[in-house]
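Structure first, then comments.
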Amino acid sequence: MVTVVSGSVKETMVLGETLGRVLEPGCFIALIGELGSGKTHFVRGVSAGLAVDSSVPITSPTYTLLNEYEGRLRLHHFDLYRLEGGDDAAHLGFDEYFYGSGVCLVEWAERLGEEMPLERLDIMFSYEGEDTRRLDFVPHGQKHEALLKKCFDRCRES
């Protein structure tokens, strides 16, 4: 596990951008945290790291459940806030995206229950102060462990 404390929205976005630059096809990133804890700002940073056109607005798909963006890799941005559990996701066929060649960033991923991929990177967002957030990165599986190491090696170089 790696823990980072972000002191601002900008720092959260830079951290997301750094991760976005090292993401590979098939990565699944579970974003877990309360409303307003920084998940969507992090996704905006990841989209920049994936070279999504900066004129494209990156918004949370709370009502549509999924937004897709073209970049270096296709970004599938899910917001599962409105789902009741993993059965809802299974009925909607989300697993086709989860195991595809793009990158999945899933807000409220804990609502997937047993539908959550075993190979993934969990990022838990929590409040530390008014503008300060704590991000705990927990990799599951060798691919995401290597991804996390690559990301934070890049952070140290910057």
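The values are calculated or read from the model by the stated rules, or taken from the named source; none is laboratory data. Please read all numbers here as calculations on a predicted model, not as lab measurements. Here Cβ is always computed from backbone atoms with ideal geometry, including for glycine, and neighbour counts include all displayed protein chains.
Can you tell me which residue is surrounded by the fewest Cβ atoms within 10 Å (Cβ to Cβ) among those in region 45-57 that are within 22 Å of Trp108 (Cβ to Cβ) and in contact with a strand residue (DSSP E or B) (Cβ under 7 Å, 6 or more places away or on another chain)?
For region 45-57, the residue satisfying everything is Val52.
Count, please, the residues in region 99-130 that happen to be modelled with pLDDT of 85 or more and acidic (Asp, Glu).
5
Go through (1) surrounded by 23 or more Cβ atoms within 10 Å (Cβ to Cβ); (2) within 23 Å of Gln142 (Cα to Cα); (3) of a type outside the set (Lys, Arg); (4) touching a residue at least 60 places away in the same chain (Cβ under 8 Å) and name the single condition Gly38 misses.
(2)
Of the residues that make up region 69-78, is at least one modelled with pLDDT of 75 or more and under 18 Å from Leu35 (Cα atoms)?
Yes, the conditions are met somewhere in region 69-78.
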